[in-house]
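Undergrad: Structure below; questions to follow.
The numbers here are math on the coordinates, done by the rules we state, and not lab data. Remember, predicted model here, so these are calculated numbers, not experimental data. Note that we place each Cβ from the backbone using ideal geometry, even for glycine, and neighbour counts take in every protein chain shown.
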Amino acid sequence: MTPNNPGSRRWRGGPLRVASLLLLLAAPETVRADTTADLVAALRRADLGVKKLTVRTVDGITILRGQTTAKSDIVKASRVAYDLGHTRVANMIELVPVIDDNAIERETERQLSRARGLDGCHFTIDSIDGVLTLGGTVQRELQKDAAQDLVTRVPGVRSVIFTVALKRR
């Protein structure tokens, strides 16, 4: 049996082939990074409604993180990972409630109108994805503090942009 004989059982690798094989065996993180990048691309192509999506591989476990309002997106993300050959998947995608900006605006308006200390104040209210923008005018500095404290406690409000001004007399 000779190295160039097609029927030979002897491996015909030179130093370059041995070095390539050792490189692949010694650098499994490089291979994982490529498969992780492939998974990220596949998840983006799947058009999932997952915000803040991150994919990491730790000790052979693929970890998916993010937030979505649809349970079907969570299931679909796992399916995409398994279809690409990721056998150990920790799907940590969080199911978050749907933010109803109109309901936030209505509740904010209701609470501001019921607050006795805010009589004579004029407010503008806008909410986008739970970020409430409160503008308008108040008569006293204390009313600004009361309004800001009140709107931060409205259910569904994630943060407040406060642009209320003191009315000049």
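Undergrad: Suppose every K and R has +1 on its Cβ and every D and E has -1 on its Cβ; what is the size of the dipole of segment 101-166 about the Cα centre, in Debye to the nearest 20? Present the calculation step by step, with values, prior to reporting the outcome.
TA: Details: 8 positive and 10 negative charges, 44 e Å.
Dipole size: approximately 220 debye.
Undergrad: At 0.36 nm per residue, and after removing the present C-alpha to C-alpha distance, how many nm does the segment from Thr69 to Asp83 gain when stretched out fully? Let's see the in-between values first.
TA: Values: separation 14, 0.36 × 14 = 5.04 nm, distance 2.31 nm.
Gain on stretching Thr69 to Asp83: 2.7 nm.
Undergrad: Can you give me the distance in nm between label points at Val98 and Gln148, each placed 7 Å from the Cα along the Cα-to-Cβ direction?
TA: 3.4
Undergrad: Give me D for segment 51-169 in µm² s⁻¹, whole number, from Stokes-Einstein with Rh from the Kirkwood sum over alpha-carbon pairs, 37 °C and 0.692 mPa s. It would help to have the intermediate numbers written out before the result.
TA: Working: Rh = 17.0 Å.
Translational diffusion coefficient: 193 µm²/s.
Undergrad: Please work out the FRET efficiency for the pair Lys51 and Arg168, using the Cβ-Cβ distance as r and a Förster radius of 45 Å; give the result to the nearest 0.05. Kindly include the intermediate steps, with their values, before the conclusion.
TA: Working: r = 42 Å, r/R0 = 0.93.
Approximately 0.60, to the nearest 0.05.
Undergrad: For segment 101-166, with equal point scatterers placed on the C-alpha atoms only and solvent neglected, what are the log10 I(q)/I(0) values from the Debye formula at q = 0.14, 0.15, 0.19 1/Å, to two decimals?
TA: The computed values of log10 I(q)/I(0) come out as -0.33, -0.37, -0.61.
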